[in-house]
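Structure first, commentary second.
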Amino acid sequence: MRKEKVKRLLSLGLVVAMTVSMITGCGNSGADNSASTGDSSASSEASTEGEAAEAPAASGDVVKIGSLWPLTGGSATIGQQHADGAEAAIKEINANGGIKSMGGAQIQLVVADTETAADKASVACERLITDDKVSMVIGAYNSTCCISSSEVAQKYSVPYISQGGVATAVTDRGYDYVYRINNTATYDVLEMITALDTICEENNLDTLTYALVYENSDWGADNARIWKEAADERGWTCVLDEPVTNGQADMTSQVLKVKDSGADVLNVSFYTDDSIVFANALYANQVDLPWGVWSVGGGWQDAAFFEALDQEVYNYHFVQEDWDMCGVQNHEWIQEVAANCKDTYGYEMTSFFAQGWTAAYVAYYALEAAGTTDPEALRDAIKGIELYNDGEDRALLSGYSAIVFDEKNQNTFAGGATGGTIVQYQDGAAVPLYPAEHSVEGNTPILPIPSFSER
């Protein structure tokens, strides 16, 4: 499976637009990405569902962790990068002596596929727990999959570390075995709104009109609701609120509604396949949006999105990314991890790889602190984790300023200026712009966006 996906990633002439090496204005890290800090001869074959990602040590105890991601379906390229990051982290942990509080026990990842579907995610999670006897589960990127699979983990009292899904329901259900490392939809949306505040101030805009088009799911509805609440506080006017059933082959009708609305700004929330269909329709119908198309990640972060589209289709679009894209170059050890990612998996390190890595490290820290696989002890160990980013803690590859869980088991340091970055695509490259501390001197937005008649 991995060879097929890596080949796909390598074929992407535009994949570098969303990765470290091609981020305009971030500067040159000086790292040689052709070098590897690990064994470059390591197999790149993907594990099948229920099969260990890496063989356990020949001696000593082995602790199993479920690694649950979308390896097929609409989010497959994203899920594979999460799985790769988790695998790379566990290889490093095992090579450095494993879980020392458990006598050097090695960690064995058991990889499972959500198939980018909530019902399949819950079945896969149950199989990990009941058949494979994993001690905890990390995953599962898509919000609906995180919600359904974590419900299973809660049912069996198995610790679940959610990474990727931003819907508020992940940590709003009062589940004591479910933790989330990454930001919530609230953080994602407010990062975009805050950037638009800056744009309004810099361009003397008193108000904005906006359109919302989003998949009719927990994730999409959350994004739209939070955007609308924040926009209403600013006196902006909603001219279109359009939920869409996913999986449509043509979105011309939705795009024409956007065009007829005369919106200044469009906020869109779709996963990869729908993002491709929608973006193509938006371009084909030459919809002018002077202050931008703003995507809350999703499909606009996927390499497959850029492979499928001409550069002109997504040029000028704004995308909320889940990490400090320039900060990845600031530390030698991060450069080494990035080089190892390129050497082992065949692509430049992405935020998804970093998120998988971080999830695996948090699971390891919990095991180290608990010194046991007892579920209650592991649950309490996760709750007690406090990691602060001094630039050297390897768990914080994802760039968060800290990992500290609140009363809802949500990491409250995963958003805002401490977490994500707003980029604008300019000439095929992602240019980090907001917040200012995640940008560099010389990076400027192209605004207002030229109309199609002016391009």
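The values are calculated or read from the model by the stated rules, or taken from the named source; none is laboratory data. Because the structure is a prediction, the values reported are computed rather than measured. We place every Cβ from the backbone using ideal geometry, glycine too, and count neighbours over all the protein chains shown.
Filter segment 69-102 for residues that are of a type in the set (D, E, K, R) and surrounded by fewer than 23 Cβ atoms within 10 Å (Cβ to Cβ); which is farthest from the chain's Cα centre (by Cα)?
Lys100
Against the condition surrounded by 22 or more Cβ atoms within 10 Å (Cβ to Cβ) and either touching a residue at least 24 places away in the same chain (Cβ under 8 Å) or assigned by TED's automatic domain parsing to the domain that holds Ile78 (or both), how does Met136 come out, does it pass?
So Met136 passes the test.
Of the conditions (1) in a helix (DSSP H, G or I); (2) among the basic types (Lys, Arg); (3) farther than 23 Å from Cys341 by Cβ, Lys91 fails just one. Which one is it?
Status for Lys91: all satisfied but (3).
Against the condition buried (at least 20 other Cβ atoms within 10 Å of the Cβ) and within 23 Å of Tyr364 (Cβ to Cβ), how does Thr184 come out, does it pass?
No, not satisfied.
Mind listing whichever residues of segment 413-438 are of a type in the set (Ser, Thr, Tyr) and either modelled with pLDDT of 95 or more or surrounded by fewer than 21 Cβ atoms within 10 Å (Cβ to Cβ) (or both)?
Within segment 413-438, Thr418, Tyr425 qualify.
Determine if segment 373-381 includes at least one residue that is in contact (Cβ under 8 Å) with a residue 12 or more places away in the chain, of a type in the set (A, V, I, L, M) and assigned to a helix (DSSP H, G or I).
The answer is yes; a qualifying residue exists.
Go through segment 192-221 and report how many residues are within 23 Å of Gln163 (Cα to Cα) and touching a Pro at 6+ places or on another chain (Cβ under 8 Å).
Qualifying residue count for the region: 5.
Considering only residues of segment 187-214 that are of a type in the set (D, E, K, R) and modelled with pLDDT of 95 or more, which is surrounded by the fewest Cβ atoms within 10 Å (Cβ to Cβ)?
Looking at the filtered set, the residue picked out is Asp206.
Which count do you get for residues in segment 283-315 that are under 14 Å from Tyr425 (Cα atoms), in a loop (DSSP other than H, G, I, E, B) and either in the same structural domain as Ser75 (by TED's automatic domain parsing) or modelled with pLDDT of 95 or more (or both)?
Matching residues across segment 283-315 total 5.
Which of the numbered conditions does Val152 fail, given that it passes all the others? Conditions: (1) out of contact with any strand residue (DSSP E or B) (no Cβ under 6 Å at 6 or more places or on another chain); (2) crowded, with 20+ Cβ neighbours inside 10 Å; (3) not charged (D, E, K, R); (4) not in a helix (DSSP H, G or I).
(4) is the only condition that Val152 fails.
Tyr425 - would you say it is aromatic (Phe, Trp, Tyr) and in a loop (DSSP other than H, G, I, E, B)?
No.
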